[in-house]
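Right, one structure below, let's go through it.
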Amino acid sequence: MEPSSIPNVTNREFSNVELFQGWLEDGQCPKGTIPIRRAQDIEFDAHHGIPPIAHRKKLNISLDYDYNRGHEYAVVDLRGGNYYGAHASINVWNPATYNGEISIAQIWLASGPRDLLNTIEAGWKRDGYQRTGCYNLDCPGFVQVNHRFVIGSPIKPFSSYKAKQYEIGITIYKNNGNWWLQVQDQVLGYWPHLIFTRLATSATGVSWGGEIYNKGQGGHHTSTQMGSGHFPSEGYGKASYFRNIQYMDYTGRFNDPDQGLVAYATKPSCYSISVANNKNGGYGTHFFFGGPGYSAICPT
């Protein structure tokens with residue numbers, strides 16, 4: 001299948017990043033087939049210390065911290081409407097992770113109460129090659145249609161501190177009933193509407209931002225980094241960012257979330273977030289986020 005149309009993302013700029021994956025140097029899969037990443041031996045090690053990743057149980061500030069114990073966020077939420085897609089250009093880093101923990105930067109679309117929650121999530125994840133949940137093509141549901149892109153393969157290149165910055169543009173949108181995923185200008189595949197209950201029609205909340213999982217080992221907060229591992233106050237080239245965050249309305253148009261956007265961080269002393277708007281500078285509604293984790297100001 002293919003989507004009937006590709007949405008026009010307002011202010012979409014993919015800057016200096018191409019989707020490069022090393023396996024393409026040796027050829028590519030023929031049309032009508034898809035590449036599937038072969039898991040490394042280390043990934044088969046039993047690792048059950050992290051709860052399932054469908055954990056955003058409420059898209060508002062009143063998170064159920066007991067239920068989400070160990071998961072920490074620095075995100076912006078949009079709610080109070082019906083949303084048919086979301087977009088962002090996400091700065092790509094390679095944060096340090098420890099003890100089989102995870103560090104994520106992604107978009108969430110969600111609908112439903114806690115016990116019946118449906119979510120669609122797309123972005124990049126760093127977890128030290130551990131099995132920490134159900135992702136990519138490991139889960140039934142997502143249908144890949146792109147024969148050039150290996151889902152779950154490393155993204156290269158990634159950004160460096162006070163050096164060149166790289167990003168990927170991720171777009172999720174509703175088309176002919178299905179939820180399609182586009183990375184840069186490549187349509188990767190779709191989630192069929194039949195696998196959803198609450199997301200069968202639209203999302204009622206959208207989030208953009210970062211997440212880590214903290215096992216709490218050693219009697220102090222984890223040193224697993226979020227984003228670049230630096231706080232938003234350091235700015236471009238040092239702190240990680242999302243730019244041109246947008247949502248799609250029922251007409252198929254992408255809009256800046258000028259109103260109703262709520263930013264929060266579960267532990268600002270460990271990981272924080274700072275939102276801005278610069279429509280004239282090509283960054284649109286954007287934010288810097290992240291932090292180093294364990295430090296003098298983030299002991300527990």
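The values are calculated or read from the model by the stated rules, or taken from the named source; none is laboratory data. Predicted model only: the values in this text are computed from it and were never measured. Glycine gets a Cβ as well: all are built from the backbone with ideal geometry, and neighbour counts include every protein chain shown. Just so you know, the surface numbers come from the protein's heavy atoms only, side chains and all, with ligands and any DNA or RNA stripped out. Shrake-Rupley method; radii C 1.70, N 1.55, O 1.52, S 1.80 Å.
Among the residues of the stretch 185-207, is there at least one that is modelled with pLDDT under 90, open to solvent by 50 Å² or more (accessible area, probe 1.4 Å) and within 28 Å of Lys31 (Cα to Cα)?
yes
Being out of contact with any Asp or Glu (no Cβ under 7 Å at 6 or more places or on another chain), closer than 19 Å to Asp77 by Cβ and either among the hydrophobic types (A, V, I, L, M, F, W, C) or surrounded by 19 or more Cβ atoms within 10 Å (Cβ to Cβ) (or both): is that true of His230 here?
Here the answer is no, as His230 does not meet what is asked.
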Can you tell me which residue among Asn60, Asn68, Asn94, Asn11 is modelled with pLDDT of 80 or more and assigned to a loop (DSSP other than H, G, I, E, B)?
-> Asn94
Would you pick out the residues in the stretch 208-227 that are assigned to a loop (DSSP other than H, G, I, E, B) and buried (at least 18 other Cβ atoms within 10 Å of the Cβ)?
-> Asn214, His221, Thr222, Ser223, Thr224, Gln225, Gly227
Examine the stretch 162-174 for a residue that is touching a Leu at 6+ places or on another chain (Cβ under 8 Å), modelled with pLDDT under 95 and either surrounded by fewer than 18 Cβ atoms within 10 Å (Cβ to Cβ) or not in a strand (DSSP E or B) (or both), and state whether such a residue exists.
-> no
Tell me, please, whether a residue that is β-branched (Val, Ile, Thr), modelled with pLDDT under 95, in contact with a Lys or Arg (Cβ under 7 Å, 6 or more places away or on another chain) and crowded, with 18+ Cβ neighbours inside 10 Å can be found in the stretch 122-140.
-> no
